[in-house]
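Notes for the one structure printed next.
The values are calculated or read from the model by the stated rules, or taken from the named source; none is laboratory data. Remember, it's a predicted structure, so these values are computed and weren't measured experimentally. Note: ideal-geometry Cβ built from the backbone for every residue, glycine included; neighbour counts use all protein chains shown.
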Amino acid sequence: MRIAVTGGAGFIGSHLVKALLERGDEVHVLDNFATGRPEYVHPGAVLHEVDIAGEEARTALAAIGAEVVYHLAAQADVQQSIRNPRLDADVNVRGTINVLDGCRDGQTRKIVFASTSGVYGNPPKLPLREQDPAEPVSFYALSKLTAESYVRLYGTLFGLEHTVLRYGNVYGPLQTAKGEGGVVALFMSRLRQGQPLHVHGDGEQTRDFVFVRDVVEANLAAAEKGAGETIHVSTARRVSVNELVAELRKLHAGEVAVSHGPARPGDIVHSCLDNAAAARLLGWKPRTALRDGLEATYRYWMNV
Ligand code: NAD
């Protein structure tokens, strides 16, 4: 199958590209290396160095004519979105429209869109369900929510098949400390440098940490199953930053020091996503226990 992956030089995108190539697909990567890296682009993929915020992304997708487009390219840094909402919207909203137009021009059957649990803001109750109201507390979450709506409306108006996946905090090898959900990567890089782990606030904030290999499997399933739904890709487990530190202490031979600073604006306090819809609609469940995922990530960091 011919596939296009926007953001295929990034953390999650590069894992997805590898899995697609391993099963024999022809894979096209669209990326401008804003945060992705040239060395993350699999040599078996065809690289299109384009900015999705510009028309060239549409033209490239039209020419590729992929059956399935996985749209992962994004400005995925919450703090950057607060500093520069315009840039964030250019990439995440305008960029998504360009990708959707490219899908139409290229007669793409289906788009799978990478969205985020961040769209809910600070919810009154957990675990979150897909029907719960979205109340973004950052421009990043707002632009992702807006992009979701464009994906759905292109489906309604133009018949483009789509699935919106809202990820929890994805972690794993190749993640950099900059993007969304980067706390695991940040901690790993501090451990490697022998520096204290810096915790914003009291460390009791929770996240739903999902391993990148499981996220790839959810994406593969979403290309074939599901029609028009919005689906969580998560573990449905709440893990506090303090628990994460405790797990890292078990993995790391040396001392693990922790320093505390103030909580950051735009950061969500608690997050946990129900994942029953993914099981029902995609036949997907997370398979990697936190300890195993952290161990694989730790091994990667200690060897780079
Ligand atoms: P990443 O920053 O590693 O990957 C994003 C990729 O998009 C990079 O390769 C970057 O160079 C590319 N990109 C950015 N702007 C671009 C532009 N204007 N034109 C072309 N390419 C551009 O981030 P990631 O963690 O792999 O995230 C992938 C997707 O998953 C994003 O859409 C993100 O919002 C979403 N997501 C990630 C998480 C997480 O925990 N990592 C959680 C929820 C959702």
Task: Test set (1) within 11 Å of the ligand (Cβ to nearest atom); (2) closer than 22 Å to G226 by Cβ - Q131 fails condition number - done: (1)
Open item on the list: Please verify whether A89 is over 18 Å from the mean Cα position of the chain (by Cα), within 12 Å of the ligand (Cβ to nearest atom), in a helix (DSSP H, G or I) and aliphatic (A, V, I, L, M), treating the condition exactly as stated.
Closed with: no
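One line per residue, one yes/no per condition, for (1) within 23 Å of V269 (Cα to Cα); (2) in a loop (DSSP other than H, G, I, E, B); (3) in contact with a helix residue (DSSP H, G or I) (Cβ under 6 Å, 6 or more places away or on another chain):
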| site | (1), (2), (3) |
| --- | --- |
| V164 | no, no, yes |
| L186 | yes, no, no |
| Q195 | no, yes, no |
| H198 | yes, no, no |
| N219 | no, no, yes |
| A223 | no, no, no |
| T235 | yes, yes, no |
| N242 | yes, no, no |
| A246 | yes, no, no |
TODO: Being touching a residue at least 24 places away in the same chain (Cβ under 8 Å) and closer than 20 Å to N275 by Cβ narrows it down to one of Y150, Y167, Y154, so name that one.
DONE: Y167
Open item on the list: Against the definition (in contact with a Pro (Cβ under 8 Å, 6 or more places away or on another chain), small (G, A, S) and more than 30 Å from G226 (Cα to Cα)), how does A257 come out, yes or no?
Closed with: yes
Task: G7, sole failed condition from (1) at negative phi; (2) of a type in the set (G, A, S); (3) under 19 Å from the mean Cα position of the chain (by Cα) - done: (1)
Open item on the list: Restricting to segment 1-30, count the residues that are away from the ligand (no atom under 13 Å from the Cβ), under 16 Å from E224 (Cα atoms) and of a type in the set (V, I, T).
Closed with: 1
TODO: Answer with yes or no whether G118 is in the same structural domain as T35 (by TED's automatic domain parsing), buried (at least 17 other Cβ atoms within 10 Å of the Cβ), part of a helix (DSSP H, G or I) and out of contact with any Leu (no Cβ under 8 Å at 6 or more places or on another chain).
DONE: yes
Task: Options A147, A185, A141; residue that is within 11 Å of the ligand (Cβ to nearest atom), more than 30 Å from E247 (Cα to Cα) and at pLDDT 95 or above - done: A147
Task: Qualifying residues in segment 76-86 (those that are assigned to a loop (DSSP other than H, G, I, E, B) and surrounded by fewer than 24 Cβ atoms within 10 Å (Cβ to Cβ)) - the one nearest to the ligand (Cβ to nearest atom) - done: D77
Task: Exclusive hit being surrounded by 20 or more Cβ atoms within 10 Å (Cβ to Cβ), farther than 18 Å from A114 by Cβ and not aliphatic (A, V, I, L, M), set F139, F211, F187, F158 - done: F187
